[in-house]
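Student: Just dropping this structure here.
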Amino acid sequence: MKTPRDILLARHRAAEPKLDQIRAGVLAELTVNARPEPRRSRTPEPRKFFSTLRFALGLLRALRLNAVGLGCVWLLILFFKLATPEPPINNSARALASGSALQAAMVEQQRLLAELGELPVSRFPKEAPKAAAPRPRSEQRASHASA
Amino acid sequence: MLVVADDEQSTVKQARAGSPDAWDALFRRYQLPLYVYVFELVQHEQTSLDLVQETFINAARHLDGLRDDAKFGSWLFRIAHQKCVQHWRKQKSSPDFAIELDDESSEEQLDPREMLIRREQEEKFMTLLSQLPPAHRSVLLLHYVEDFSLEEIAVITGARLGTVKSRLHYARNSLRRILGEQSGPN
């Protein structure tokens, strides 16, 4: 018994001469189209570049009103930015404030560490000792004698 | 596939390199199965020839799009299937679509009784095939004409694997109903 494939192919075998013609035609077209290919590939880059440039210029020309509008908006933003300057920041005051805060924090940390290590808190003065003002020797002697 | 895969792969490779002989071999191998597939879907001789030609031209132009050389056959049938779908879409707007059936199948020298049985059987098969919905017909043709796997048929027709399975099942049952009845008593 014939398979469905055999039946189908046998039924359409009459179309083969026409299919041969089609095949020949497509092959002829293929060989014709294949020939000028190398000639075209010699200068593809400049052509591509110029076409891209032309496209970009065309796009800019078409959107020139939008570009001008956007430019104006940016100019306005820049103008307002320059017209309202920020108040100057006192750097030295800020540095001083941060310095004293840092010192206080360090002292606090030391105190906490001392507590943890059961060390006498008195060893860590809360404030740095004030340097004694130099006095004349005669005054020093008088104070010792009275003591 | 019916063609030895390695041979076809090397032929496709040569075709990629632009060898006309390789293209000739590929087209020669697929022209009739493609035509059968397209004809059984569109049921019009000239349209089928045109679609086969368009398929060949498309294949030659877009061979770079083929990733796996071993799948050239299914890729070619996919192009043909898409051409048929495009044709159906166009056809919806043109009602003047005459159905031409080529009945010139060459009769070999057979016993008249045997010839009659064969013709009757063929006619029943072809009648049944043309009665199936296009989607089922397409699956059946791909399976019987080119022996494509279900996965390949899914790729060609753009349907899911489950859909292809059910379509093939339906089409086979319909075929069995006629062909089984024919071969059963013998």
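Student: At R0 = 22 Å, how high is the FRET efficiency between residue B:149 and residue B:7 if r is their beta carbon distance? Nearest 0.05 is fine.
Tutor: For residue B:149 and residue B:7, the calculated efficiency is 0.70.
Student: For residue A:78 paired with residue A:14, estimate the spin-label separation in nm (one decimal), with each label point 7 Å from Cα along the Cα-to-Cβ line.
Tutor: 8.2
Student: Order by neighbour count: B:11, A:31, fewest other Cβ atoms within 10 Å first, most last.
Tutor: Going from least to most buried by this count: A:31, B:11.
Student: What is the order of B:27, A:79, fewest Cβ neighbours within 10 Å to most?
Tutor: A:79, B:27
Student: Given the Cα-Cα distance of residue A:54 and residue A:110 and 0.36 nm per residue of separation, how much length would full extension add, in nm?
Tutor: Here the answer is 12.9 nm.
Student: Can you give the FRET efficiency to the nearest 0.05 for residue A:31 and residue B:163, using r as the Cβ-Cβ distance and R₀ = 41 Å?
Tutor: After rounding, the FRET efficiency stands at 0.50.
Student: Let me ask something else about it. Using R₀ = 22 Å, calculate the FRET efficiency as 1/(1 + (r/R₀)^6) where r is the Cβ-Cβ separation of residue B:172 and residue B:50; round to 0.05.
Tutor: That gives a FRET efficiency of 0.10.
Student: Please rank A:5, A:54, A:11, fewest neighbouring Cβ atoms within 10 Å first, as an exposure proxy.
Tutor: Final ranking by Cβ density, sparse to dense: A:54, A:5, A:11.
Student: Which value in nm describes the separation of the simple spin-label points at residue B:58 and residue B:21, placed 7 Å from the Cα toward the beta carbon?
Tutor: Those two pseudo-labels are separated by 3.0 nm.
Read the figures in this text as sums done on the coordinates, not as results from a lab. Just so it is clear, the model here is predicted, and its values are computed rather than measured. As a convention, Cβ positions derive from the backbone with ideal geometry for all residues, glycine included, and neighbour counts pool all protein chains shown.
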